[in-house]
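The values are calculated or read from the model by the stated rules, or taken from the named source; none is laboratory data. Everything numeric here is computed off the predicted structure, so don't read it as measured data. Here the Cβ positions follow ideal geometry from the backbone for every residue, glycine too, while neighbour counts run over all protein chains shown. For the accessible areas, the whole protein counts, side chains as well, though only heavy atoms, and no ligand, DNA or RNA atoms are used. Shrake-Rupley method; radii C 1.70, N 1.55, O 1.52, S 1.80 Å.
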Amino acid sequence: MIHATDEQLYEAAEAHPDDELALHLAQCEACRNRYEEYCAVLQVITESKDEEPPQSIRWEVEAAIAEERASIPRQKPYLQIAAAILLLLTGYVVGTYLAPTHRKEVIALQSQVSLLKEMALVNALEPQTASERIQVVNQIQANEPTVSEKLISTLIRTLNTDDSPNVRYAAAQALERYIHQESVRLQLAASLEFQTDPLIQLSLISMLVEAQEKAAIKPIKELLGNPNAPKELKQQAQLALDILT
Amino acid sequence: MNKVTDEQLMEAVQRDKLDQLNVLFERYQKRIYNYFLKSTGDVEESADLTQAVFIRVLKYRKSYRSGSAFEFWIFQIARNQVKDHFRKLKVYKDQFTDLQTIPDVEESDEYALQSERERRLQLAMNQLPPDKRELLVLAKFQNMKYEDIANLRSASVSAIKVQVHRTIQQLRAYYFEQED
Ligand SMILES: [Zn+2]
């Protein structure tokens, strides 16, 4: 009689013995015993359950994460997202956004991520590492005319339509970078006509005055004629008008 | 549904979104811990090794290659930990051999297994060489695909298959030896 090999017995235990082997097992006690041993071992393996890891692991890992987080500069996640976008949009020094005075805009801009996602721009933000993102920023700066057109129209749209004054304000600030482009100045001037938040009105006025943009004269005059405009704003507007004319 | 993949989470961790590591921790800690437990048979050591794995994932996050399988990466880290563990153990044993007092480190910390049969299984496994034991853990307890194990061990699938078979044969022998 030819006995079965361990290989055959083990494989049979994993699946099922074929007819030939089954016949042999029925007749041969030695092989049957070994076969049953394989079945038993495999069964214990299958039945053995995973142990629950002790809680201490979680605490240690959480502590390590917290420590690591503290060691990363500008770690606050929302700041990071916003700073990455702003860096891209404006080329502002990231550090600027850590100043407490800018924090609000940055938080507000975070809500703009969804808007920005509509733009191809987001593809540029996709690269995983910081160095890759910096490369993207450099590229954008190198190819400024083509890329920033898309960015500018997004920012203009944000400036004109966003529900949040903080976001509109941040968009205005971001647009300052492109003030040397006439089309930007004209759109800022047009925007000034229907902005109602004094802070945004002020920032637009100051940008346009600094850029010596005569197109700002008309909206500034309208603002001066608006009985509801705050006195302080009107003072600034008058000053701007004096400079421009 | 739209479950975030391990790889997406790890890529976020890589971008310093460290909170995402908690999600990966939830997904993997039990597997990694039990991988160590079965490989070393040592509860305390397994806890230490598990936390060390996740801390390495954290510290070396920049070296994760985006797009590559996270499971593969974390098990690579875990495997290295096991190797280190046995290297340490060997040095330890070598040091004590001269003194004729070899503490049985592997079995000194027996954990409460659900059943007598499982305890016997672990004892049998402890008799396997560490390398074979680890193979068995990956193939039979972690139910990792032969392809993945082959990848992890830089071996061919057929070689892994043969090794798993032989290891089970050995395991069977050790398991039933204990009865005598
Ligand atoms: Zn036989």
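One table, with the values for the structure above:
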item	result
Heavy-atom SASA rank of B:Lys30, B:Lys59 (probe 1.4 Å, accessible area, largest first)	B:Lys59, B:Lys30
Segment A:Asn160-A:Lys221, extension gain: residue separation times 0.36 nm, minus the distance between their alpha carbons	20.0 nm
Flagged links, alpha-carbon separation over 31 Å, of B:Lys17/B:Lys161; B:Lys3/B:Lys83; B:Lys59/B:Lys145; B:Lys62/B:Lys88; B:Lys3/B:Lys132; A:Lys49/B:Lys62	B:Lys17/B:Lys161; B:Lys3/B:Lys83; B:Lys3/B:Lys132; A:Lys49/B:Lys62
Accessible area buried, both sides summed, chains A and B with 1.4 Å probe, Å²	3900 Å²
Residues of the stretch B:109-180: accessible area per residue with a 1.4 Å probe, Å²	46 Å²
The stretch A:1-56 versus the stretch A:158-227: alpha-carbon centroid distance in Å	80 Å
Sequence of A:Glu62, B:Glu11 from largest to smallest accessible area, 1.4 Å probe	A:Glu62, B:Glu11
A:Ile243 accessible area, 1.4 Å probe, all protein chains in place, Å² to nearest 10	90 Å²
Percentage relative contact order, the stretch A:179-245, counting C-alpha pairs under 8 Å, at least six apart	35 percent
Separation in nanometres of the label points that stand 7 Å from Cα toward Cβ, at B:Phe176 and B:Glu26	4.6 nm
Total formal charge among the other residues, if their Cβ is under 12 angstrom from that of A:Leu204, Lys/Arg +1 and Asp/Glu -1	-3
Two-site label geometry, A:Glu62 and B:Ser154: point separation in nm, points 7 Å out along Cα→Cβ	3.9 nm
Per-pair calculated FRET efficiency, R0 = 51 Å: A:Arg32 and A:Ser71 via Cβ, rounded to 0.05	0.20
A:Lys49 accessible area, assembled protein chains, probe 1.4 Å, Å²	120 Å²
